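Report on one structure; see the data block that follows.
The values are calculated or read from the model by the stated rules, or taken from the named source; none is laboratory data. In this text, all values refer to a predicted model and were calculated from it rather than measured experimentally. Cβ placement follows ideal geometry from the backbone for every residue including glycine, while neighbour counts extend to all protein chains displayed.
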């Protein structure tokens, strides 16, 4: 690895590490949440990375006033699911698969934000909500800036667009499942970790049915393995936020590497602690959250597979069969 690449990587992670070493450490997690969709977007282009980070911050900000509005919150998440599905015609749905769950975290989860007066819940005031959205957007813009500096070192990859017909089915399935999942999580689930249901749906539901089946099995396996890693790291590095941030960045780098070179279950194994660690603040919380998140993952994956299997069979039955070709006479 060249010295320039090392410097660029150090610059990319510096703000999060600096924040985690101060009384504003809660904002390091929010900054990181903005980095995630931008890190996927920068593989396509700097503009997509910047848009992904800013859009994630804006969606999270809009979600906060809906935290007590079950129907509106569910419709909001359904709309995001539909847009993510339709964006697959441009090959941008990978970015949306991060922006959507982050929005669900703001809508259903319990993120904290650091202000001059101390660390508070994101819905405690309009200033807290604005700080949250701005910090998330800043994380995305920072990665976009690093991507621009690194445009010759790490050239972008061509996105993989999805045919329009498949994209429409994808959008409809994702909107329905995410909307219903959000309604269930907001109406009946008592745990703030119920947003993991939405994360799982955004991850496992794919434009093509066969890919969804494979993703679901790999997602469950990766979540179990990743949850064990997260629990071990949290127990080992309790009360050491800078080291937790370093561990988070390490597994994030592993997730990016795995996404480009390894089977999906390896990617999910790295991704799970990369999401759990910055969204859980104490070792005991992480240990308890692991069990809940594995359960939410299994339930969401099973529901997604069941619903999409029924839909796939209905669509298949209504598709016209190709006429049989006449057999040549002997």
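Worth pointing out:
- Residues that are outside any helix (DSSP H, G or I) and in contact (Cβ under 8 Å) with a residue 12 or more places away in the chain do occur in the stretch 64-85, at least one of them.
- Residues within the stretch 234-263 that are crowded, with 21+ Cβ neighbours inside 10 Å, free of Cβ contacts under 8 Å to residues at least 60 places away in the same chain and within 20 Å of residue 220 (Cα to Cα), tallied: 2
- Total residues in the stretch 124-155 satisfying the condition of being part of a loop (DSSP other than H, G, I, E, B) and touching a helix residue (DSSP H, G or I) at 6+ places or on another chain (Cβ under 8 Å): the figure is 4.
- Exactly one residue out of 11, 43, 59, 17 is out of contact with any strand residue (DSSP E or B) (no Cβ under 7 Å at 6 or more places or on another chain) and modelled with pLDDT of 90 or more, and it is 59.
- Meets criteria (more than 19 Å from residue 30 (Cβ to Cβ) and at pLDDT 80 or above) for residue 250: yes
- All positions within the stretch 214-262 that are in contact with a helix residue (DSSP H, G or I) (Cβ under 7 Å, 6 or more places away or on another chain) and outside any helix (DSSP H, G or I): 237, 238
- Residue in the stretch 98-111 that is more than 11 Å from residue 198 (Cβ to Cβ), in contact with a strand residue (DSSP E or B) (Cβ under 9 Å, 6 or more places away or on another chain) and at pLDDT below 95 present: yes
- Residue match in the stretch 181-188 (condition: without any contact (Cβ under 8 Å) to a residue 12 or more places away in the chain and part of a loop (DSSP other than H, G, I, E, B)): yes
- Residue that is under 20 Å from residue 245 (Cβ atoms) and in contact (Cβ under 8 Å) with a residue 12 or more places away in the chain, where the choices are 45, 20: 20
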